[in-house]
Amino acid sequence: MALIEDNLYRKIKKATGKAIGEFNLIEEGDRIAIGVSGGKDSYTLLHILESLRRRSPVKYEIVAVNVDAGYPGYRTSVIEEHLKEYGFSHRMETTNCYDIIEEKRTPGTSYCSFCARLRRGVLYSLAEELGCNKIALGHHLDDFIETLLLNQFYSGTLKAMTPKLLADNGKHTVIRPMVYVEEQDIIKFTRHNGFPVICCACPVCGVVDQKRKRMKRLVREMTEEIPHLRRSMIGALGNVQPRHLLDRSLGDF
Ligand code: SF4
C-alpha cells in the first residue's frame, strides 16, 4: 500500500530531500532505525523516508522501531497494524521503563527527561541489534526554532539542535531529516492520510511544556506580522556570524 502523491506530499518530500542533501544525512549502505512512537511526526518521517528511498540512487534501508515504555494503555497494536498495512520492516520492543521511572525518579524532577533518557538507551541498543548505523528522529522546523528561542530566553545560550549528531555511545549517528519541514504541514499531512495517531499514555501525555507552548505562541503571533519568520529563523541557524557575537572563544578579542 502506498500514499497518494499530492502537492503537500511533494512539498514535504522536497524539504526533506533538501536537508538530506545539504547535511549529507544518508549515505550508500546506511541502515536507518526510525523511531516510531505513534505520533504525527514519526509517522510522517517514516512515510517520507520510505518514499525517498524507493526512488533514490543511493541505496539504503529503513526499519521502523517502536519502544513501548510500558505505560498502561499505550496501544502499540495500532502502530504495528499500520506498519504491517504499509509493509514496513519493523520491530516492536516492550520495556519496563515505566516501572524504573516509578521506582527511581526523584520526586519533583522531570518525568520526561528521565523517560526520554531511558527510551533513548533502548533505541540505541535496538539499533545495534538490528545492524543500524543511523537513527532518524522526527524533529521538525518548529522544534528547531522553538528550541533556539527557549535557550535564548531561559538558558542564556545560543543553540538549537543539529540535523546530524554522533550519539553519546560513539557508534550511531542521529539524524533529523525534517529540519526544513514545518509542523503545520505535518499536521495536515497526518490528517489527510489518516495516520492512526495514538497517545503515549504516560502521566504527562498531551501536556505541552508551558515554556515551549509560549514559544509556539510567540512564533505564531509574530508570523502574522512577518509571514516568512519561520524560514528566516531556520535560515539564521545556517548563517552564523561569530564575529558579530560576544563569545570570546569565537571572536577576535
Ligand atoms: S511525553 Fe511521556 S512518553 Fe514522551 S518523553 Fe515525556 S514522559 Fe516519556
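Long-range amide H contacts for Glu61: which residues qualify at under 5 Å (H placed 1.01 Å from N, peptide plane, sequence gap of 5 or more or a different chain)?
Asp30, Arg31, Ile32
With every protein chain present, what is the per residue accessible area of the chain (1.4 Å probe, Å²)? Walk me through the intermediate numbers first.
Numbers: 13990 Å² over 253 residues.
Ligands and nucleic acids excluded, the figure is 55 Å² per residue.
Carbon and sulfur together cover what percent of the accessible area of the chain at a 1.4 Å probe radius?
Within the chain, the accessible surface is 52 percent carbon and sulfur.
Return the equivalent ellipsoid semi-axes of the stretch 7-243 as a descending list in whole Å, where each equals the square root of 5 times an eigenvalue of the C-alpha gyration tensor.
Numbers: eigenvalues 137, 113, 69 Å².
Those come to 26, 24, 19 Å.
The values are calculated or read from the model by the stated rules, or taken from the named source; none is laboratory data. On a predicted model such as this, the values are computed, not experimentally measured, just so you know. Calculation scope for accessible area: heavy atoms of the full protein, side chains included, ligands and nucleic acids excluded. Shrake-Rupley method; radii C 1.70, N 1.55, O 1.52, S 1.80 Å.
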